[in-house]
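Throughout, read-outs are computed from the coordinates displayed, never taken from laboratory work. Quick caveat, the model's predicted, so the values are computed rather than measured. As a convention, Cβ positions derive from the backbone with ideal geometry for all residues, glycine included, and neighbour counts pool all protein chains shown.
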Amino acid sequence: MAKLPAPPLPKVLNPSPKRPGQGNGKVTAADQVKEVGTSTIDWIDERTSLSGVGRWAMFRKIPKGTNWFYTLGSATLFAFLSQAVTGVFLAMYYDPSPTRAYESARFITNEAFLGEFVRGMHKWGATVMVVLIFLHMARTFFFGAYKYPRELNWVIGVALLVLTFVMALTGYLLPFDQRSFWATIVANNITASGPLIGPYLGDFLRGGPEFGATTLSRFYAIHMLIVPGAIIALIGAHLYLVAKLGTTAPPWLKAEQDASLVEERA
């Protein structure tokens with residue numbers, strides 16, 4: 001029985017001809033896959049213009065003297081992404097109920113596959129993120145990157161620092177062991193002793209006048225939903241302003257004067 005020929009590929013899926021001196025004229029499966037990927041990206045970009053956004057964000061001028069201190073912001077972002085990924089896996093096994101929280105944390109550590117590793121990454125990643133965000137803020141301050149026109153970006157960074165502390169505080173209670181329980185009570189009492197809004201903020205965090213079962217679910221909701229959403233939104237605004245305004249040069253570098261301008265002044 002004669003074998004029917006394969007149907008022809010659509011024009012958009014046919015690979016473009018090779019350049020002179022490239023290959024021997026034969027089209028391989030890898031070439032077809034590469035061409036399909038390129039055509040798909042071109043099709044999406046033609047309708048969304050995302051390549052322009054990517055060029056605007058990635059290809060920009062940077063000042064002389066840029067060094068490893070400028071990577072502290074990216075390192076903090078990486079720490080947050082690590083916290084987000086490991087937090088998602090931990091949430092798959094964690095049960096935010098007063099009777100099951102401690103047992104679910106124990107199950108993650110002792111029985112779940114790679115549970116101890118993921119929980120360790122999340123636990124120590126929180127400490128790393130706090131250290132990195134402090135170093136990033138110190139670099140911004142000492143390099144004078146908080147001055148005009150970057151004041152708003154400095155304010156956003158301070159808000160991100162506060163949200164990082166809130167994330168650390170709310171996450172500390174979730175194992176619901178004796179240490180986290182009493183430490184959170186102390187932290188909540190300190191919050192409630194603040195002026196004006198302190199008592200109202202303490203009641204909000206407790207979920208009532210007393211520290212009880214509602215407190216754990218409230219801390220879990222704040223830790224998993226409210227604070228991460230706010231952090232993601234502020235990080236987007238922070239990165240937008242960094243790309244728009246650029247980065248500042250190190251304070252020990254002085255701007256070079258144009259030789260022609262110096263001659264004119266003389």
Cβ-based charge dipole, the stretch 69-245, positive-most Cα from V227, T99, F143: F143
Calculated from backbone phi, Karplus (6.51, -1.76, 1.60) coupling profile of the stretch 222-239 in Hz, x at Gly/Pro: 5, 5, 9, 10, 5, 5, x, x, 5, 5, 4, 5, 6, 4, x, 5, 4, 5
From phi via Karplus (6.51, -1.76, 1.60), per-residue ³J(HN,Hα) for the stretch 47-56 in Hz, x at Gly/Pro: 9, 10, 6, 5, 5, x, 5, x, 5, 5
Centroid-to-centroid separation of the stretch 70-100 and the stretch 160-184 [C-alpha atoms, Å]: 13 Å
Residue range of the chain that is longest and free of chymotrypsin sites (Phe, Trp or Tyr not before Pro) which are both DSSP loop and sparsely packed (at most 11 other C-beta within 10 Å): 114-251
Selected from D45, D31, D203 as most flexible by GNM, with the chain as the system and alpha-carbon contacts under 10 Å: D31
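Using a 10 angstrom Cβ neighbour count of at most 14 plus a DSSP loop assignment to flag exposed trypsin sites (Lys or Arg not before Pro), which longest range of the chain is free of such sites?
Working: sites that count: K3, K18, K26, R60, K61, K64, R100, K147, K254.
Excluding the exposed sites themselves, the longest stretch runs over 148-253.
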Entry for percent of Cα pairs over 33 Å apart (calculated from the structure that is shown) out of (i) 49; (ii) 16; (iii) 42: (i)
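Counting only GluC sites (Glu not before Pro) that are in a DSSP loop and have at most 12 other C-beta atoms within 10 Å, tell me the longest site-free stretch of the chain.
Result, exposed sites excluded: 1-110.
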³J(HN,Hα) computed for each position of the stretch 93-109 - Karplus, 6.51 cos²θ - 1.76 cosθ + 1.60, integer Hz, glycine/proline x: 10, 7, 10, x, 10, x, 8, 10, 4, 5, 5, 5, 5, 5, 5, 4, 6
